[in-house]
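Asks: Okay, handing you the structure first.
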Amino acid sequence: MSFKANSQDESSPVGSGQAWRDFLERVERVAPSEATLLIQGEHGVGKGWIAREIHGLSGRREGPLVEIDLSVGSPSLVESTLFGHEEGAFTGAERARLGCVRRADKGTLILGGLDDLDLSLQVKLLRLLQEQEVEPLGAEEPIPVDVRIVATATKDLREQVELGTFREDLYYRLAVVQLEVPPLRVRFEGTENWLPALLKAAAKDVGRGERELSAGALARLADYSWPGNVRELENALQRALVLGPEGGETIKAEEFNFLADSLAGHGGARDLARQALSTGVEVENLVGHLLQEALKEHRGKVAAAARAVGLSRKAFEYRLTKWQGEQEGGQESAEEQA
């Protein structure tokens, strides 16, 4: 089987560029295994979609696929939904509930919003991973299950471990294989290959006629940072279609003026660029200081700093180390000349 996102169909998370292709290739490599997977990334990057595709590429694709959002509801509700309960286990439990874990038996269980899982439930999840068994509320003994866990998280779980909000032993059980979904801003390339399909899907969703994007509109979209990622892009296209004229007219740049407030941030970046040019600051030096400040802002957490500037952890460390080495080399040269 091949990864459906390679065809950039209407249902796939959009993107292009080497970082996106490398990510999809890694997904294809790990999907057929039985390894527990942890998928991390910003809001709206398509973590849930990736998790569902992994199930479709695995040997469990004929089995059930069950999803649960761990960030919704009280800990008691999440526990009941996830692990199930017996009839009469608590007030109001008029009938037994199987629970997501047992419904996913012989298949895949997607745990969304893992970073919001209450500490009291993390122990039970750890037991599920270690023993492959679940104990519903009110049950007298545990029940064996056969499930593959694919978890998604927006926050950096390593940081949550250090903050004491996530169990270290559970983190290592879950992070057998980690996938970091690139944000849209670093994969917003080759728009001619994937944006028309997304626009067509948006028109279908809102019941409006299909329209094309002008060159100016494409430039406007490419100039935006997309903090809400694919979800925000889909909403922006739908809004332009709903508020714009009917009749198949080309979508103009001004129809995305509602992005102006966020685009102002890019204006600030342009002002900074102009200032750098006027003072003779080299680009690499400017980038180096940016990486250094990002690291300070995130209290030395490399993964968080890397995500903030749209780089992989490896790329961030490489560029920062290279810049620091150049700075030290330049200082030594200046001292020798003095």
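The values are calculated or read from the model by the stated rules, or taken from the named source; none is laboratory data. Just so it is clear, the structure is predicted and the values come from calculations on it, not from any experiment. Every residue, glycine as well, gets a Cβ built from its backbone with ideal geometry; the counts of neighbours run over all protein chains shown.
Asks: Of the conditions (1) surrounded by 20 or more Cβ atoms within 10 Å (Cβ to Cβ); (2) of a type in the set (Gly, Ala, Ser); (3) not in a helix (DSSP H, G or I), residue 51 satisfies every one except a single condition; which number is it?
Replies: (3)
Asks: Here is a further query. Consider residue 145 against the criteria (1) touching an Asp or Glu at 6+ places or on another chain (Cβ under 7 Å); (2) within 29 Å of residue 231 (Cα to Cα); (3) β-branched (Val, Ile, Thr): it satisfies all of them except one. Which criterion is unmet?
Replies: Failed condition: (2).
Asks: Kindly provide the set of residues from the stretch 72-121 that are surrounded by fewer than 13 Cβ atoms within 10 Å (Cβ to Cβ), small (Gly, Ala, Ser) and either at pLDDT 85 or above or within 27 Å of the chain's Cα centre (by Cα) (or both), ordered by number.
Replies: Answer for the stretch 72-121, where residues must be surrounded by fewer than 13 Cβ atoms within 10 Å (Cβ to Cβ), small (Gly, Ala, Ser) and either at pLDDT 85 or above or within 27 Å of the chain's Cα centre (by Cα) (or both): 74, 120.
Asks: Another question, if that's okay. Looking only at residues that are assigned to a helix (DSSP H, G or I), of a type in the set (Gly, Ala, Ser) and buried (at least 16 other Cβ atoms within 10 Å of the Cβ) in the stretch 202-249, which one is nearest to the chain's Cα centre (by Cα)? Steps first, please.
Replies: Here is the first cut: in the stretch 202-249, the residues assigned to a helix (DSSP H, G or I) are 202-206, 215-222, 229-243.
Next, only the ones that are of a type in the set (Gly, Ala, Ser) stay: 202-203, 215-217, 219, 222, 236, 240.
Restricting the remaining residues to those that are buried (at least 16 other Cβ atoms within 10 Å of the Cβ) gives 202-203, 217, 236, 240.
Numbers: 202: 21, 203: 25, 217: 26, 236: 19, 240: 25 Å.
Only one residue tops the list, namely 236.
Asks: Keeping to the stretch 129-150, report how many residues are under 26 Å from the mean Cα position of the chain (by Cα) and within 17 Å of residue 64 (Cβ to Cβ).
Replies: Residues flagged as under 26 Å from the mean Cα position of the chain (by Cα) and within 17 Å of residue 64 (Cβ to Cβ) within the stretch 129-150 amount to 4.
Asks: Is there a residue in the stretch 122-143 that is at positive phi, touching a Pro at 6+ places or on another chain (Cβ under 7 Å) and at pLDDT 90 or above? Reasoning before the result, please.
Replies: The initial filter retains those residues of the stretch 122-143 that are at positive phi, namely 132, 138.
Still in the list and also touching a Pro at 6+ places or on another chain (Cβ under 7 Å): 132.
With the extra rule that they be at pLDDT 90 or above, the set shrinks to 132.
Scanning the stretch 122-143, I find at least one residue that is at positive phi, touching a Pro at 6+ places or on another chain (Cβ under 7 Å) and at pLDDT 90 or above, so the answer is yes.
Asks: Then there's this: Given the criteria touching a His at 6+ places or on another chain (Cβ under 6 Å) and either surrounded by fewer than 21 Cβ atoms within 10 Å (Cβ to Cβ) or touching a residue at least 24 places away in the same chain (Cβ under 8 Å) (or both), does residue 154 qualify? Walk me through it before giving the result.
Replies: Numbers: touching a His at 6+ places or on another chain (Cβ under 6 Å): yes; either surrounded by fewer than 21 Cβ atoms within 10 Å (Cβ to Cβ) or touching a residue at least 24 places away in the same chain (Cβ under 8 Å) (or both): yes.
Yes: the conditions hold for residue 154.
Asks: Which one of these is within 21 Å of residue 116 (Cβ to Cβ), out of contact with any strand residue (DSSP E or B) (no Cβ under 6 Å at 6 or more places or on another chain) and in contact (Cβ under 8 Å) with a residue 60 or more places away in the chain: 45, 14? Spell out how you get there, then give the answer.
Replies: Working: 14 fails: within 21 Å of residue 116 (Cβ to Cβ).
Being within 21 Å of residue 116 (Cβ to Cβ), out of contact with any strand residue (DSSP E or B) (no Cβ under 6 Å at 6 or more places or on another chain) and in contact (Cβ under 8 Å) with a residue 60 or more places away in the chain holds for just one of 45, 14, which is 45.
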